[in-house]
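> One structure coming up, written as structure tokens, with questions to follow.
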Amino acid sequence: MSLSNFLSTLDDLQQQALDAFETANDADSLEEARVRYLGAKKGALKDVQKQMGAIDPSDRKTAGMRLNEFKTKVQASFDESKARLGGGDQSSLAPTFDPTLPGIRPQLGHVHPITQTINHLMEIMGRMGFEAAEGPEVEDPWHNFVALNIPEDHPARDPLDNFYLATAKTTSEKTTSDRNVEGEQLLRSQTSTVQIRVMEHQSPPIRVISLGRVYRPDDPDATHFPMFHQMEGLYVDEHVTMANLKTVLRVFATNYLGGDVQIRFRPSFFPFTEPSVEVDFLWNGTWIEFGGAGMVDPAVFESVGYDPEKVSGFAFGLGVERLCMRRHGITDIRDLYSCDMRFLSQF
Ligand code: FA5
């Protein structure tokens with residue numbers, strides 16, 4: 001076979017192969033063309049390679065170079081078509097989804113209703129000039145009890161009513177008047193601890209709120225949970241009165257629960273306030289307790305080094321879950337701590 005014949009056969013074949021690959025519109029026709037032109041047994045390339053033997057040895061180098069070029073170009077064209085058709089793999093060419101169906105929305109999370117409530121409460125109290133303060137959830141007896149005028153024999157300190165941590169000392173080892181009681185710690189049972197922490201580091205005037213978790217071994221029911229949140233408020237200045245306390249709580253309640261909310265102050269007792277009240281809101285015809293409040297007891301001012309003759313103040317502690325429940329009409333606190341998205345996604 002002459003060199004020119006060989007070359008023109010290759011030109012024709014190359015053109016045919018490129019056309020076949022380029023026009024292949026599915027995996028089957030591409031595979032068919034591959035077998036026809038590049039197939040190891042019967043492909044056209046194989047035939048051409050055989051014809052090399054019939055070429056004059058002096059022309060073989062030229063023929064070989066053209067043959068290599070042919071192989072490279074045809075192979076590249078095949079690869080390109082394979083990629084165009086999705087890898088040439090039958091299964092990947094089949095439509096994997098129905099583009100006419102509506103898409104599947106990714107499930108987006110959102111802020112938990114309690115966190116939403118906390119943000120809302122901070123916003124309302126912030127508008128009244130209260131700054132946010134924080135304290136630790138693992139506390140020492142000084143901040144949870146002693147500085148709050150809760151003596152050692154007070155029932156509020158009973159191990160059955162608190163989550164003492166494993167390092168707690170036995171009763172006989174306790175030195176409760178010592179603010180550096182080493183080793184004895186508990187999960188705070190109230191946010192009133194933050195009153196002490198703030199007053200220890202700041203001088204009056206003070207106007208703070210603190211929102212956070214507290215822990216009590218209460219049996220769960222519709223209005224109790226062993227872990228819940230409180231909003232603590234503290235206002236200390238000269239000439240602060242009970243009227244200020246009632247006004248702040250009323251303004252807060254109408255802002256958060258609406259203008260028609262009914263609020264009641266009921267005489268009560270807390271070791272750290274004097275006088276003390278319980279704060280109730282009317283809910284579906286029943287008065288429900290939302291928190292405690294009162295004028296800061298002089299003993300508390302003394303424990304943080306304030307002069308009770310010079311300053312006065314009020315404090316309050318409201319249950320955040322109950323506020324959230326009242327606003328949203330939730331009847332069982334346990335729903336707030338379930339993982340049921342059907343419930344949580346409503347808020
Ligand atoms: C206190 O915790 C006082 N520290 C409040 C206070 C602060 C009084 C400042 C005076 C001055 P009490 O134990 O009543 O008070 O709790 C306050 C509120 O927390 C309750 O009215 C209720 O709304 C909420 N609460 C109490 N226990 C639970 C519980 N187990 N689950 C959910 N909410 C609770």
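> May I ask you to derive the relative contact order of the chain, considering only C-alpha pairs under 8 Å and at least 6 residues apart, and to give it as an integer percent?
On the way: 509 pairs, mean separation 47.9, N = 347.
Value for the chain: 14 percent.
> Still on this model: Pull out a ≥ b ≥ c, the square roots of the eigenvalues of the alpha-carbon gyration tensor of the stretch 45-85, then state rounded if a/c is under 1.5, prolate if not and a/b is larger than b/c, and oblate in the remaining case. Don't skip to the end; give the middle numbers.
On the way: a/c = 7.62, a/b = 2.67, b/c = 2.85.
Oblate.
> Express in Å², to the nearest 10, the accessible area of HIS154 obtained by rolling a 1.4 Å probe over the protein heavy atoms while all chains stay in place.
Rounded to the nearest 10, that gives 50 Å².
> How high is the relative contact order of the stretch 3-83? Use alpha-carbon pairs under 8 Å, at least six apart in sequence, and give a whole percent.
Values: 58 pairs, mean separation 32.5, N = 81.
Once normalised by length, the contact order is 40 percent.
> Mind running the shape call on the stretch 177-317? Use the C-alpha gyration tensor, a ≥ b ≥ c as the square roots of the eigenvalues: rounded below 1.5 for a/c, prolate if a/b tops b/c, oblate otherwise. All intermediate terms of the calculation are to be shown ahead of the outcome.
On the way: a/c = 2.11, a/b = 1.20, b/c = 1.76.
Judged from the Cα gyration tensor, the stretch 177-317 comes out oblate (a/c at least 1.5, b/c at or above a/b).
> Relative contact order for the stretch 7-159: what is it in percent, counting Cα pairs under 8 Å that are at least 6 residues apart? Provide the component values of the computation, followed by the final result.
Values: 76 pairs, mean separation 29.9, N = 153.
In percent, rounded to a whole number, it is 20.
> Pairwise over distinct Cα atoms, reciprocal of the mean inverse distance: report the Kirkwood radius of the stretch 103-159 in Å, one decimal place.
Values: mean 1/r = 0.0648 Å⁻¹.
Over the stretch 103-159, the inverse of the mean reciprocal pair distance is 15.4 Å.
> Dividing the Cα radius of gyration by the Kirkwood radius, what Rg/Rh value follows for the chain?
Numbers: Rg = 40.5 Å, Rh = 26.8 Å.
For the chain, the value is 1.52.
> Pulled fully out, how much extra length does the chain show between GLU134 and SER29, if you take 0.36 nm times their separation in residues and subtract their Cα-Cα distance?
On the way: separation 105, 0.36 × 105 = 37.80 nm, distance 7.13 nm.
Computed gain between GLU134 and SER29 is 30.7 nm.
> Also, quick follow-up: At 1.4 Å probe size, with no ligands or nucleic acids counted, give the accessible surface of TYR215 in Å², nearest ten.
Accessible area of TYR215: about 40 Å².
> What's the center-to-center distance, using Cα atoms, between the stretch 309-338 and the stretch 114-150 in Å?
Between the Cα centre of the stretch 309-338 and that of the stretch 114-150, the gap is 12 Å.
> Leaving out ligands and nucleic acids, and using a 1.4 Å probe, what accessible area per residue does the stretch 3-83 come to in Å²? Walk me through the numbers on the way to the answer.
Numbers: 4800 Å² over 81 residues.
I get 59 Å² per residue for the stretch 3-83.
> A further question follows. Pick from GLU32, GLU274, GLU152: which residue has the top mean-square fluctuation in a GNM of the chain where Cα pairs under 10 Å get a spring?
Comparing GLU32, GLU274, GLU152 in a Gaussian network model of the chain, the most mobile one is GLU32.
> Give the ranking of MET295, MET325 by solvent-accessible surface, highest area first, calculated with a 1.4 Å probe. Write out the running numbers ahead of the final one.
Values: MET295 25, MET325 0 Å².
Solvent-accessible surface, decreasing: MET295, MET325.
> For the chain, what is the mean residue ellipticity at 222 nm derived from helices alone (per DSSP H run of n ≥ 4: -39500 (n - 2.57); sum divided by total residues; nearest 500 deg cm²/dmol)? Mind showing how you got there, number by number?
Numbers: 13 runs with 138 residues, N = 347.
Estimated from H runs of four or more residues: -12000 deg cm²/dmol.
> Using protein chains only and a probe of 1.4 angstrom, how many square angstrom of GLU302 are accessible, to the nearest 10?
Taking all protein chains as shown, GLU302 has close to 120 Å².
> Translational diffusion coefficient of the stretch 3-83 at 37 °C, 0.692 mPa s, Stokes-Einstein with Kirkwood Rh over Cα pairs, in µm²/s as a whole number.
Working: Rh = 12.9 Å.
Rounded to a whole number, D works out at 254 µm²/s.
> To the nearest 20 debye, what is the magnitude of the charge dipole of the stretch 1-159 about its Cα centre, counting +1 on the Cβ of each Lys and Arg and -1 on the Cβ of each Asp and Glu? Please report the intermediate quantities before stating the final value.
Values: 16 positive and 25 negative charges, 339 e Å.
It works out to roughly 1620 debye.
> Taking LYS82 as the anchor, which lysines have their alpha carbon closer than 23 Å to its alpha carbon, excluding any fewer than eight residues away along the same chain?
LYS41, LYS42, LYS46, LYS71, LYS73
> Then there's this: Highest GNM mean-square fluctuation, the chain, Cα pairs closer than 10 Å: which of ALA54, ALA132, ALA299?
ALA54
> Over the Cα atoms of the stretch 1-44, each weighted equally, I'd like the Debye log10 I(q)/I(0) at q = 0.17, 0.22, 0.29 Å⁻¹, rounded to two decimals.
-0.50, -0.73, -0.97
> Separate question: Choose one of ALA24, ASN5, SER58: the residue whose Cα lies farthest towards the positive end of the charge dipole of the stretch 3-83 (beta-carbon charges +1 Lys, Arg; -1 Asp, Glu; about the Cα centre).
Value: SER58.
> What is the set of long-range amide H partners of SER268 at a cut-off below 5 Å, with H atoms built 1.01 Å from backbone N?
For SER268, the qualifying residues are SER276, VAL277, GLU278.
> Measure off 7 Å from each Cα along the Cα-to-Cβ vector at ARG60 and ARG266, then give the distance between these two points in nanometres to one decimal.
11.1
The values are calculated or read from the model by the stated rules, or taken from the named source; none is laboratory data. Note that the structure is predicted; figures quoted are calculated from it, not measured. Virtual Cβ from ideal backbone geometry, glycine too; neighbours counted across all protein chains shown. Each accessible area value is taken on the protein alone, full model and side chains, heavy atoms only, with ligands, DNA and RNA left out. Shrake-Rupley method; radii C 1.70, N 1.55, O 1.52, S 1.80 Å.
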